Structures are given as structure tokens and as C-alpha cells.
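Q: After the C-alpha cells below, expect a handful of questions from me.
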Amino acid sequence: MPDQHTLEETERATVERVGHLTMDFPAAHAISSLYRAANAARSHLANTVLRAHDLTWTGFLVLWLLWIWDRMETRRVAENVGISKATLTGVTNTLVSRGLVERIPSTVDRRLVELTLTPAGQELMVELYPEFNAAEAELVDGIGRRDLDRLTRNLRTIVETAEREN
């Protein structure tokens, strides 16, 4: 595709375009690589694992959160997944219609709703997550254990810095 460019081509074009500006190119290249890696991983996992289960990336993240934490209030789910409450409503409607998620109205405040997995949702995650993790392992297979641990620590530092700044 003529508009598809490698990461290296993009970095080179960036330097050519803005090289005259005072820039921290290693930082720009690192964040650009992080962004591209995240999108590539998301696309790979969606295409190789989630599609077979008729799940979107966002739907999977909602299921995963509820699987890990048992139940969560909708605004917390939206915050954790990084979507709006309106988007969560659509995703939740789909998951509820598939019998994977249940809404639980608050007994304290009728405006609040918690979400939890149904038994079918639990079963799906028990089946799905090992497949998902195998695909994750495949993506990092070329990275040695020590480098993978270092990468994980460095990514956590970026996340912690960004969260501290917000």
C-alpha cells in the first residue's frame, strides 16, 4: 500500500520535517514506537483471538475487568477501559444480549449500576484467556526474558508518569 510506512520510514520523515525544531527525537521515537506497538498488538489479538469469539477489543476489556474484579460500577469500567459511559452503554448492551454480562442496580443510588459476568461470561473467559495469553506470548517471543522484564518495567514507568501527570 502506498500510504503504509514502516516505523523507520516514519521516524526518518519526522526528522526531515521537523529537524530544524528543538526536539527530543529519542523521546518522540519512543512514544511513536509505543503507540505503533500498542496498535499492532491490539490488531493482532483482535484478529487472531477475539474475532473467533465475536468480540471487539473493547468488549474483551470489559469482560476481562469484570472477570478480574467480579463486579464494578459502570463509570469505573468506562474509566478503566478508557471509553465514555455512552460507549460503554452500547458495549454493555451487546454483552448483556449475548448473556455474558448482567446489570445490577444499586440499592443505595438508583442512578448507579454495577456490571458482573454471568456464568456464561465466566465460562467464556476461562476458555478465551489462555488463547489470548498464548497470542500475547507469541508477540513477545523474540524478546529475551531479561529484556522483556526491562521492557515491562520501562512501560510501567511511562504509565505511572502519565497517570501522575493527570
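Q: Ala120 to Asn39: FRET efficiency via 1/(1 + (r/R0)^6), r the Cβ-Cβ distance, R0 30 Å, to the nearest 0.05?
A: Rounded to the nearest 0.05, the efficiency is 0.50.
Q: How high is the relative contact order of the stretch 51-166? Use alpha-carbon pairs under 8 Å, at least six apart in sequence, and give a whole percent. Write down the numbers at each step before the final one.
A: Values: 84 pairs, mean separation 25.6, N = 116.
Across the stretch 51-166, relative contact order equals 22 percent.
Q: Still on this model: Using only the alpha carbons of the stretch 68-166, determine the length spanned along each of the three principal axes and report them from longest to shortest in whole angstroms.
A: Here the Cα extents, ordered largest to smallest, are 49, 37, 20 Å.
Q: Moving on to the next point. Whole-Hz Karplus ³J(HN,Hα) for the stretch 51-62, in order, using 6.51 cos²θ - 1.76 cosθ + 1.60 and θ = phi - 60°, x for Gly and Pro?
A: 4, 5, 9, 6, 10, 8, 4, 5, x, 4, 4, 4
Q: Still on this structure, please answer the following. Taking square-rooted eigenvalues a ≥ b ≥ c of the alpha carbon gyration tensor, is the chain rounded, prolate or oblate, where a/c under 1.5 means rounded and, failing that, a/b exceeding b/c means prolate?
A: It is prolate, given that a/c is not under 1.5 and a/b is the larger ratio.
Q: Could you give the length gained on full extension between Arg150 and Glu127, defined as 0.36 nm per residue of separation minus the Cα-Cα distance, in nm?
A: 5.3 nm
Q: OK, next. Net charge within 14 Å of Val18 by Cβ-Cβ distance, Lys/Arg positive one each and Asp/Glu negative one each, not counting Val18 itself?
A: -1
Q: Sticking with this one: Between Glu163 and Thr14, 0.36 nm times their residue separation minus their Cα-Cα distance comes to what?
A: 50.9 nm
Q: For the chain, what does the helix formula give at 222 nm: sum of -39500 (n - 2.57) over DSSP H segments with n ≥ 4, over the residue count, nearest 500 deg cm²/dmol?
A: Roughly -21500 deg cm²/dmol at 222 nm, from the helical runs in the chain.
Q: How long is the gain from Ala28 to Arg76 if the chain were fully straight, where each residue apart is worth 0.36 nm and the alpha carbon distance is subtracted?
A: 14.2 nm
Q: For the chain, modelled as a GNM with alpha-carbon contacts under 10 angstrom, which of Arg75, Arg111, Arg51 fluctuates the most?
A: Of Arg75, Arg111, Arg51, the Gaussian network model singles out Arg111 as fluctuating most.
The numbers here are math on the coordinates, done by the rules we state, and not lab data. All of these numbers come straight from a predicted model, not from anything done at the bench. All Cβ positions, even for glycine, are placed from backbone atoms using ideal geometry, and neighbour counts span all protein chains on display.
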